[in-house]
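For reference, the structure is listed below as structure tokens.
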Amino acid sequence: GINAEYGPSKDEKKKKKKTAKPVLQSVVERGLVQTEPVYSDITKNHGKYSRLHVDKKLFPGELLGFVTPWNSHGYDVAKTFGAKFNFISPVWLQIVPGAGGGSYRIQGGHDIDAGWIRDVRANGTDLRVLPRLLFEQWSLQHLAQVTSSEAELLHMVQVVVEFFKGEGFDGAVLEVWRQFAGREKARLHRMIMALSEGLKEAGNMATFLVIPPGVQPFPELFDKHDFKILQPYVDRFVMMTYDHHHGTGRPGTLILSRLSRDTNFGVIVVRDT
């Protein structure tokens, strides 16, 4: 028999080791910002940045960046361009309910890098660090249990607040809505409002909420009614535009027009790059 294994050639490996050096001119000055960009401009210049603009934020809107432990390059980007971001959200933490209910624990603490946080904050004077908190292994039964008892809800909030305050974070990005597929919205409202109030009272920590797609096949998971109820409690709603390509084949094709039509407050659009 014949055994064959495909891998990068020596030339390809050499190319991968090359890193683009900073340049003086910005992408605008180099004529790279176009309504109809040429793919070769992107492939040749995507790794180059102007060292004169590293600490200058030119975009007038707010910028949120997610950093994941499985992509170390993101850590370097956040440190290099910290001055350009308003918020950085490391994807580190999960809140997990106990087997019998009534107990909650924060997992992922081993990924927290305090030295990196100091470096990022040093490069961005107004930068706020809000780790994502994923509600992992939660069932409808867990949701019902925690929202049916005031004491248990306060206990769960206390677990989150004490952990985030102890680590010196500026708030939390909650990823909880989509897990329940649009069910038990009243209970979700109550839990999110309680978390927001707890974080705010403990040290003026912010609450961001990741919301699911508003297009097929998920048209009603999060609607205007949910916005109206949660808007006084949630500081920013985060939309992942790469979740909005169902039926189009192209990420982000529907959400921008939907945003301008349906919302007038606190929405950060995270685009797929």
Matching residues in the stretch 86-135 (part of a loop (DSSP other than H, G, I, E, B), in contact (Cβ under 8 Å) with a residue 24 or more places away in the chain and on the phi < 0 side of the Ramachandran plot) number 11
Of the residues in the stretch 179-212, those that are open to solvent by less than 10 Å² (accessible area, probe 1.4 Å) and either assigned to a helix (DSSP H, G or I) or basic (Lys, Arg) (or both) come to 180, 188, 191, 192, 195, 196, 199
Checked 160, 176 against criteria (crowded, with 16+ Cβ neighbours inside 10 Å, touching a residue at least 60 places away in the same chain (Cβ under 8 Å), out of contact with any Lys or Arg (no Cβ under 9 Å at 6 or more places or on another chain) and closer than 21 Å to residue 97 by Cβ); the one match is 160
Checked against (1) farther than 26 Å from residue 212 by Cα; (2) under 21 Å from the mean Cα position of the chain (by Cα); (3) open to solvent by 40 Å² or more (accessible area, probe 1.4 Å); (4) not basic (Lys, Arg), residue 99 satisfies every condition except (2)
### Query
Looking at the stretch 64-71, is at least one residue open to solvent by 40 Å² or more (accessible area, probe 1.4 Å) and either farther than 19 Å from residue 173 by Cβ or of a type in the set (Val, Ile, Thr) (or both)?
no
Do we have any residue at all in the stretch 132-148 that's open to solvent by 10 Å² or more (accessible area, probe 1.4 Å), modelled with pLDDT of 95 or more, among the charged types (D, E, K, R) and more than 29 Å from residue 114 (Cβ to Cβ)?
no
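Of the residues that make up the stretch 111-120, is at least one of a type outside the set (S, T, N, Q) and under 28 Å from residue 191 (Cα atoms)?
The answer is yes, given that some residue of the stretch 111-120 is of a type outside the set (S, T, N, Q) and under 28 Å from residue 191 (Cα atoms).
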Pairs returned, first residue in the stretch 215-230 that is modelled with pLDDT of 70 or more, second residue that is assigned to a helix (DSSP H, G or I), beta-carbon separation under 7 angstrom, 6 or more apart or interchain, are 221/178; 224/262; 226/185; 229/189; 230/189; 230/192
Flagged pairs (Cβ under 8 angstrom, 6 or more apart or on separate chains; first in the stretch 45-73, among the basic types (Lys, Arg); second part of a loop (DSSP other than H, G, I, E, B) and open to solvent by 100 Å² or more (accessible area, probe 1.4 Å)) are 48/21
Within the stretch 30-76, residues out of contact with any helix residue (DSSP H, G or I) (no Cβ under 7 Å at 6 or more places or on another chain) and acidic (Asp, Glu) come out as 36, 41, 62, 76
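The values are calculated or read from the model by the stated rules, or taken from the named source; none is laboratory data. Because the structure is a prediction, the values reported are computed rather than measured. Here the Cβ is made from the backbone with ideal geometry for all residues, glycine too, and neighbour counts use every protein chain on show. With ligands, DNA and RNA removed, areas are computed over all heavy atoms of the protein, side chains included. Shrake-Rupley method; radii C 1.70, N 1.55, O 1.52, S 1.80 Å.
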